[in-house]
Amino acid sequence: MNLSSLKPAEGSTKKRKRIGRGQGSGHGGTSTRGHKGAQSRSGYSRKMGFEGGQMPLQRRLPKVGFKNPFRVEYVGINLDTLQALSEKHNVTDFTMDTFKQFHLASKKAKIKILGRGKLTNKLNITCHAFTDAAKTIIESVGGTANVTK
């Protein structure tokens, strides 16, 4: 096999269209841009969303929804997760540092304890918020649910 004799398969490649190289090329004169109008000029770029003068889709559709800029985003942690950690690592006091240590939340995250699962251990939990179900389950086992700011 001779590397210098290699060439692509027949019909797999095409010649590049050379625009604006004289009338003999078949693409001279107006260079396939037609006559006059914005699109025939150099430097033309169509605006994003432009639909040829038709009312664009983003203007035809109504504005919907509302994004509350003051919303507080919580990281939810369920009771069954805390129960598993308590059994595995013998932890009874859960604070912000504990959640960070076990990679349940980042340092600045706000944490909310959710009520999924059962608790058998008495846990003392300090975080930003609790659901009503979680709070009643924690206190029924004899633990404490402290809210921090």
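Just one residue in the set VAL75, VAL64, VAL91 is closer than 26 Å to GLY117 by Cβ and part of a loop (DSSP other than H, G, I, E, B); that residue is VAL91. Quick check: is even one residue across the stretch 70-81 under 15 Å from THR131 (Cα atoms), among the charged types (D, E, K, R) and touching a residue at least 24 places away in the same chain (Cβ under 8 Å)? Yes, the stretch 70-81 contains at least one residue that is under 15 Å from THR131 (Cα atoms), among the charged types (D, E, K, R) and touching a residue at least 24 places away in the same chain (Cβ under 8 Å).
Filtering VAL91, VAL75 for residues that are among the β-branched types (Val, Ile, Thr) and touching a strand residue (DSSP E or B) at 6+ places or on another chain (Cβ under 9 Å) leaves a single hit, VAL75. Screening the candidates VAL75, VAL64 for the property of being exposed (fewer than 11 other Cβ atoms within 10 Å of the Cβ) and of a type in the set (A, V, I, L, M) yields one hit, VAL64. For the stretch 37-46, residues that are surrounded by 10 or more Cβ atoms within 10 Å (Cβ to Cβ) and either on the phi > 0 side of the Ramachandran plot or assigned to a loop (DSSP other than H, G, I, E, B) (or both) total 2. Of the residues GLY49, GLY28, GLY34, the single one that is in a loop (DSSP other than H, G, I, E, B) and either in contact with a His (Cβ under 6 Å, 6 or more places away or on another chain) or surrounded by 13 or more Cβ atoms within 10 Å (Cβ to Cβ) (or both) is GLY28.
Computed from the coordinates by the stated procedures, all read-outs in this text should not be read as laboratory data. All figures in this text were calculated on a predicted structure; none of them were measured in a lab. FYI the Cβ positions are ideal-geometry reconstructions off the backbone, even for glycines, and counts take in every protein chain you see.
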